[in-house]
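Quick notes on the structure that follows.
Just so it is clear, none of the values below were taken in a lab; they were calculated from the coordinates. Computed from a predicted model, the values in this text were never measured in an experiment. Note that we place each Cβ from the backbone using ideal geometry, even for glycine, and neighbour counts take in every protein chain shown.
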Amino acid sequence: MQVTHLSIYPIKSTQGRPASSLAVEPWGPVDDRRWMLVGEDGAVVTARAFPPLLSVTAEPGGPGQVRLHGPHAEPLDVDATGDAELIPVKVWRSELKATHPSPAADRWFSTLIDHDVRLVWLDDPTRRPVDPEFGKLEDRVSFADGYPVLLATTASLRQLNDWIAAGAAERGEEPPEPLDMRRFRPNVVVENDEPFAEDQWSRVRIGDVEFRVAKPCDRCVLTTIDPDTLVKGKEPLRTLARYRRWDGKVWFAVSLIPDGPGTLNVGDAVTAL
């Protein structure tokens, strides 16, 4: 097995940025999901409810710096390293504080989605622990949904696309185009032969970096949004519900926690331990 693709998502729920290498910190890849949008109540706002966020690309600068690109406005540079206020925010069940640096960025995003939001930066990622049920007390995570790194495999996606095509045939429909891995927003994509082999992993080494497998990743409606057209459909949730449903959820990919810092590279060997 080997790594075929690496990505970061500088702002939660915006486009991913491919990379040839990723520096991994205890809370996730450098520049991955250190920014997010929140509503007036401080709760996270995502492309689940506002698909146009997927049209935004974010270009990291130095720590706390990002350039925004979108279809609705001129690019905007944001710098959170100055004297910005800390505000309370909430990412699902996690409550913490984050830096609120730029009313101009708030307006930029609010105009895009026609909803009042604020852009915040996690200046100190040690503030947010992972779910202790699946990690250690000292484990930390950025603004990712729950864990520092998400890994998906090509064999699992091939199997899923085969299932989707078979379901379409059963319904007398034309076979759909195969789903792109971008639907699932992984940091690491691994080329392998056995579908869903990752379900059985407890530890994995990628290059020289070792990870604990925290848990499989339960999937939401965000996976049903085409990242190019922004149109919602029924797949892959319809098919995952048929083949990959347990505990009242559907599952694809696995969440990882690094045992230490290191660097991942496209082409790195991947070994289940």
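Please compute the length gained on full extension between residue 229 and residue 77, using 0.36 nm multiplied by the number of residues separating them and subtracting their Cα-Cα distance.
On the way: separation 152, 0.36 × 152 = 54.72 nm, distance 2.60 nm.
So the extension gain works out to 52.1 nm.
Starting from the Cα-Cα distance between residue 90 and residue 111, subtract it from 0.36 nm times their residue separation and give me the gain in nm to one decimal. Walk me through the numbers on the way to the answer.
On the way: separation 21, 0.36 × 21 = 7.56 nm, distance 2.23 nm.
Result for the pair: 5.3 nm of gain on full extension.
Nearest 10 degrees, 0 to 90: what angle lies between the long axis of helix 103-113 and the longest principal axis of the chain (Cα atoms)?
Tilt relative to the chain: about 40 degrees.
Post the alpha-carbon centroid distance, the range 204-231 to the range 1-60, in whole angstrom.
That distance is 12 Å.
State which entries of 90/136; 136/232; 12/249; 12/234; 90/249; 12/97 exceed 27 angstrom in Cα-Cα distance in the structure shown. Could the numbers behind the result be given before it?
Numbers: 90/136 21 Å; 136/232 37 Å; 12/249 22 Å; 12/234 23 Å; 90/249 22 Å; 12/97 16 Å.
Cα-Cα > 27 Å for 136/232; rest within.
Counting each DSSP H run of 4 or more residues in the chain as -39500 (n - 2.57), what helix-only mean residue ellipticity at 222 nm follows after dividing by all residues, to the nearest 500 deg cm²/dmol?
-4000 deg cm²/dmol
Hey, what's the per residue convex hull volume over the C-alpha atoms of the chain, in cubic angstrom?
Working: hull volume 34.9 nm³, N = 273.
Per-residue hull volume (Cα only) is 128 Å³.
Taking the 0 to 90 degree range and rounding to the nearest ten, how far is the long axis of helix 154-170 tilted relative to the main principal axis of the chain, both from C-alpha atoms?
The two axes meet at around 70 degrees.
Given points 7 Å out from each Cα along the Cα-Cβ axis, report the residue 273 to residue 134 separation in nanometres with one decimal.
That separation, rounded to one decimal, is 1.9 nm.
In nm, give the distance between the simple-model label positions of residue 177 and residue 243, each being 7 Å from the Cα along the Cα-to-Cβ direction.
It works out to 2.1 nm between the two label points.
Are there GluC sites (Glu not before Pro) in the range 57-149 that DSSP puts in a loop and that have at most 10 other Cβ atoms within 10 Å, and which ones? Kindly include the intermediate steps, with their values, before the conclusion.
On the way: sites: 85, 95, 133, 138; in loops: 133, 138.
Filter output for the range 57-149: 133, 138.
Could you calculate the contour length gain from residue 162 to residue 215, that is, 0.36 nm times the residue separation minus the distance between their Cα atoms, to one decimal place in nm?
Details: separation 53, 0.36 × 53 = 19.08 nm, distance 2.44 nm.
Between residue 162 and residue 215, full extension yields an extra 16.6 nm.
Please enumerate, by chain and number, the aspartates and glutamates with C-alpha under 16 Å from the C-alpha of residue 215, excluding those fewer than 8 residues away in the same chain.
131, 133, 139, 145, 198, 199, 247, 259
Using a 10 Å cut-off around each Cβ, can you sort 202, 102, 55, 255 from fewest to most neighbouring Cβ atoms? Could the numbers behind the result be given before it?
Details: 202 9, 102 22, 55 18, 255 25.
With the fewest neighbours first, 202, 102, 55, 255 line up as 202, 55, 102, 255.
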